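The next block holds one structure in the form of structure tokens; read it before the comments.
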Amino acid sequence: MNFKHKYVFLFPGLFVLIGILIFPIIFVVRLSLSGWNSYNGLNFIGLENYIRLFTDDPRFWQSFFRLSFLSVTTVVLQYVIGFALAHMVWKDIKFQRFFRVLFLIPMMTTPVIMTVIWRTFFHESLGPVNDILSNFGMTPKWLTDPTLAKITVIIVEVWQWTPFMFLLLLAGLLSLPKEPFLAAAIDGASPVRKFIYVTFPLMAPISIGAIIIRLIEASKIMDTVYVLTSGGPGTSTETSSFYIFIKGLREFQMGYAASMSFTYLIIMIISLTFIAKGLTKLLLKD
Amino acid sequence: MKITKTCLSAIISGVLIFSPMAYADKWSDQFPHIKATGDIPGDCSYEEISKKNYKGKTLKINTHAVPVIGQPTALHAEQFAKLTGAKVDVTHTPAGDLYAKAMVPFKAGQAPYDIVFGFSNFINDWRQYLAPVPKKYMNSTEMKDVTKSHVGVSSWDGTMYQYPVDGDRHYLKYRKDVIDNPEMQKKYKADTGKTLRVPTTWKEYGEMAKYFNGWDWDGDGEKEYGSAEVMKKDDLMFAAFFSRSVAYAKNPRTPGGFFFDLETMKPNINNPGFVEALGDWVEATKYVPPGGINFGLGDEIGSFGGGQTLFSFSWDDAFIAAMQDDSPIKNKVGAAPLPGADKVWNRVSGKWENQYNQAPYIVWGWAVGVAKKSKVQEMAFDYLCFFSNGANHQADLAIGNFGVNPFKNSDFDPQLYINTMGWDADIANSYTKTLNDMEKSKNRVFPLRVRGVFEFTSAVATGTSKALAGQLSPQEALDEVAKEWEAIVNRVGKKNVQEDYAVGVKMEDNKL
């Protein structure tokens, strides 16, 4: 094939890649070196934004650690519940198809709308949850207590995204070879031993993939926080992406928000690489 | 002959008297929204706007989410389209995003919206991208009725950039059926030893709110609470905090700045006056309804307007909602000035002055402008003029969650509320007197209108919400806000902020 023809076929894809990935990243880097806000243009201020971020903005780092806590907790819960549900409908049970569809419904709904509904459920004076709990003398402050508000965010996130984990793990379970299970059955392994020594190790590569995908998604958590708590009470549910949103699109400190976004991107790339390596070492040691 | 003459005169008089009504009915038949008044003659009345032909043209509007201001925008857009043949596209945006939604295209040199709604304190950031209101509209009959202070609010350096559609101020709303009830007064006296009356200080407000918190004091079978307030972070809570601060921190004897010391540009936000107010506010978390510290403006309107609380303070909307025909507490509410304080901080001497102080907080309100780069500016201004014409304005005033509040001289006439909205005379009188007194006060506080205003107010929201959530003490929270304000002043440039702030200080010091 003519060498030039190869480029003709490559260019459309390359242009799209440059347009939707490379250009925005380069623009964000340029923006992060500017003081672009409501009163300044795209001027060049060097590393001023980064210096401010690393030396004078504890709120960003607090929101980052809060995000780490929320994403790790939600993903672990999603994995455990998702695995349990997938394992349940993997077996031949009654209404298997019905359950498979039922467990997927939360994922098919629009997150923002579902969060509005959850907010209504958890409304402390008008919501049905406290209405029921008040019969037992309890009226938890779901959205106004700093600790409970975090738990509420976790509940909504777990409800919304467990089906995704369920779907990946069910696909994994269905693709497992039958021979190891037959061998285990012949050896008389109990269901628990079969799970620990056969199912779980065989599912390890899929589990790692599913956990990493969900961690990437969970680390961008924004809509749930925005609708449910607006980062409050105080800053107790403020995550990195919500904080960047406030600085960039509420306060219009675009340059500074860009520096936070870029820093956040680098941190996420590094930390997720280490997490993936760690998980591989832990789960695929044999 | 005499009888014939008399009959003829009676018929002619009748025709002259009732002709405006007949004329009005023609439009109110088609547009039931104005059924109470019919069309009201003016340069932008239904009659006049119907003469315009904008067929084939599109007007794009970015406004607030439904219902507050978003609903009247959409309603008047529909009416305007019907009258002129124009196509009107309305985009609804949450309050917190209105600023950026206009600023991003403004900064990029684009005008995706011909009309942008926002808060009036955005004026300094937006004015360079907005078209000044043309003379034709400045001289319109509708504009001539706008109060002097609201013409000032919408203008910068004598040029009007924001078209007046709303006028706001914070004042106290209370349950008249409780506060004026002799039985309740007796019970309150017996239980507390104090007099139940319209609170004149924030401490008194707190005591009463605490007493009336968590029990069924109106006998409807539901628990009622002390106070409904905007406490949700980023949902205009900064304005609620300033309302509580003015009594302690706006000293008429120390001109030269409420938010900053104009000379040094040192923030006043963490002085003992503001700290005292934040301390009161933290205390208020104990007498708001469950979930009250997550209440936004909509929740506050619904809570007080629905009869859930004894007190509320902020914009007119909650009061109007309470006075609507479908409200369970119609004609059971009263309006009064914001509570004051028995002491006021003197930032010059650095000491408390132990004397009564009260200061109205003119929050202003919704503002709207036409993009300088809009290709349909005339149509855009016609729409805004139509939005606030006499008939639409009076009808909008009567709907609590529309967010349209008095800003015209004719709005301060109690008869308007008695005749068209069915208010009791004493309530209408107390309402208009409260608003009127605020207009006349010489100790008013106006909102901050400086470059990068959102950075300042966002810092206040973050700091005060941390105090309300118990993450920081009031002093620590406001020290954090002051530090942030100093950093913002340095970023924006001390001289720039000082120059902008001087305009507001002049208004507060009654020099404009």
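The values are calculated or read from the model by the stated rules, or taken from the named source; none is laboratory data. Computed from a predicted model, the values in this text were never measured in an experiment. Methodologically, a virtual Cβ is constructed for each residue, glycine included, from the backbone with ideal geometry; neighbour enumeration extends over all protein chains shown.
Would you pick out the residues in the range B:198-248 that are among the β-branched types (Val, Ile, Thr), farther than 27 Å from B:Ala461 by Cβ and touching a Leu at 6+ places or on another chain (Cβ under 8 Å)?
Answer for the range B:198-248, where residues must be among the β-branched types (Val, Ile, Thr), farther than 27 Å from B:Ala461 by Cβ and touching a Leu at 6+ places or on another chain (Cβ under 8 Å): just B:Val198.
Can you pull out every residue in the range A:205-237 that is part of a helix (DSSP H, G or I), away from chain B (no Cβ under 13 Å) and not aliphatic (A, V, I, L, M)?
Matches in the range A:205-237: A:Pro205, A:Ser207, A:Gly209, A:Arg214, A:Glu217, A:Thr224.
How about the range A:41-54: which of its residues are within 12 Å of chain B (Cβ to nearest Cβ) and part of a helix (DSSP H, G or I)?
A:Glu48, A:Asn49, A:Arg52
Can you give me the number of residues within the range B:445-469 that are facing chain A (nearest Cβ under 7 Å) and assigned to a helix (DSSP H, G or I)?
Of the residues in the range B:445-469, 7 are facing chain A (nearest Cβ under 7 Å) and assigned to a helix (DSSP H, G or I).
If you take just the strands (runs of 3 or more DSSP E) that sit entirely in the range B:341-433, which of them hold at least 2 residues that are among the aliphatic types (A, V, I, L, M)?
B:366-370
Output the qualifying pairs, or none if there are none: Cβ atoms under 8 angstrom, residues six or more apart or on different chains, first residue in the range A:91-114 and closer than 20 Å to A:Ser175 by Cα, second residue not in a helix (DSSP H, G or I).
What qualifies is A:Phe99/A:Ile93.
Quick check on the range A:123-157: of everything there that is acidic (Asp, Glu) and not in a helix (DSSP H, G or I), which residue is nearest to A:Thr237 (Cα to Cα)?
The residue in question is A:Asp145.
Can you tell me which residues in the range B:112-130 are within 12 Å of chain A (Cβ to nearest Cβ) and hydroxyl-bearing (Ser, Thr, Tyr)?
Of everything in the range B:112-130, just one residue is within 12 Å of chain A (Cβ to nearest Cβ) and hydroxyl-bearing (Ser, Thr, Tyr), namely B:Tyr129.
Is there a residue being over 29 Å from A:Gly41 (Cα atoms), within 14 Å of another protein chain (Cβ to nearest Cβ) and either surrounded by fewer than 21 Cβ atoms within 10 Å (Cβ to Cβ) or in contact with a Lys or Arg (Cβ under 8 Å, 6 or more places away or on another chain) (or both) anywhere in the range A:173-180?
Looking through the range A:173-180, none of the residues is over 29 Å from A:Gly41 (Cα atoms), within 14 Å of another protein chain (Cβ to nearest Cβ) and either surrounded by fewer than 21 Cβ atoms within 10 Å (Cβ to Cβ) or in contact with a Lys or Arg (Cβ under 8 Å, 6 or more places away or on another chain) (or both).
Being outside any loop (DSSP other than H, G, I, E, B), among the small types (Gly, Ala, Ser) and closer than 23 Å to B:Phe446 by Cβ narrows it down to one of B:Gly167, B:Gly152, so name that one.
When all the criteria are applied, what remains is B:Gly152.
Please go through the range B:377-420 and pick out each residue that is out of contact with any helix residue (DSSP H, G or I) (no Cβ under 8 Å at 6 or more places or on another chain), farther than 20 Å from B:Thr147 by Cβ and not charged (D, E, K, R).
Selection gives B:Gln377, B:Ala380, B:Asn419.
Out of the residues in the range B:74-107 that are charged (D, E, K, R) and part of a strand (DSSP E or B), state the one that is farthest from the other protein chains (Cβ to nearest Cβ).
B:Lys87
Search the range A:13-40 for residues being among the small types (Gly, Ala, Ser) and more than 20 Å from A:Thr263 (Cβ to Cβ), and hand back the single one that is farthest from the other protein chains (Cβ to nearest Cβ).
Per the stated criteria, the residue is A:Gly13.
Among the listed residues A:Thr120, A:Thr115, identify the single one that is modelled with pLDDT of 90 or more, surrounded by 14 or more Cβ atoms within 10 Å (Cβ to Cβ) and assigned to a helix (DSSP H, G or I).
Going through A:Thr120, A:Thr115 in turn, the sole match is A:Thr115.
Looking at (1) outside any loop (DSSP other than H, G, I, E, B); (2) among the charged types (D, E, K, R); (3) under 21 Å from B:Ala482 (Cβ atoms); (4) out of contact with any helix residue (DSSP H, G or I) (no Cβ under 8 Å at 6 or more places or on another chain), can you tell me which one B:Lys210 breaks?
Going through the list (1) outside any loop (DSSP other than H, G, I, E, B); (2) among the charged types (D, E, K, R); (3) under 21 Å from B:Ala482 (Cβ atoms); (4) out of contact with any helix residue (DSSP H, G or I) (no Cβ under 8 Å at 6 or more places or on another chain), B:Lys210 breaks only (3).
Since B:Ser245 meets every condition but one in (1) surrounded by 24 or more Cβ atoms within 10 Å (Cβ to Cβ); (2) touching a strand residue (DSSP E or B) at 6+ places or on another chain (Cβ under 8 Å); (3) among the hydroxyl-bearing types (Ser, Thr, Tyr), which condition does it not meet?
Among (1) surrounded by 24 or more Cβ atoms within 10 Å (Cβ to Cβ); (2) touching a strand residue (DSSP E or B) at 6+ places or on another chain (Cβ under 8 Å); (3) among the hydroxyl-bearing types (Ser, Thr, Tyr), B:Ser245 violates only (2).
With the requirement that a residue be out of contact with any Phe, Trp or Tyr (no Cβ under 9 Å at 6 or more places or on another chain) and within 14 Å of chain B (Cβ to nearest Cβ), what does the range A:73-118 give you?
Result: A:Val116, single match.
Residue check: is A:Thr273 in contact (Cβ under 8 Å) with a residue 40 or more places away in the chain, of a type in the set (S, T, N, Q), over 26 Å from B:Thr93 (Cβ atoms) and in a helix (DSSP H, G or I)?
No.
Those residues that are within 14 Å of chain A (Cβ to nearest Cβ), under 12 Å from B:Leu310 (Cβ atoms) and of a type in the set (A, V, I, L, M, F, W, C), I need them from the range B:216-240; list them, please.
Result: B:Ala228, single match.
Restricting the first residue to the range B:351-375 and requiring it to be over 26 Å from B:Ser154 (Cα atoms), which pairs with a second residue that is buried (at least 22 other Cβ atoms within 10 Å of the Cβ) and of a type in the set (Phe, Trp, Tyr) meet a Cβ separation below 7 Å and a spacing of at least six or different chains?
B:Trp352/B:Trp345
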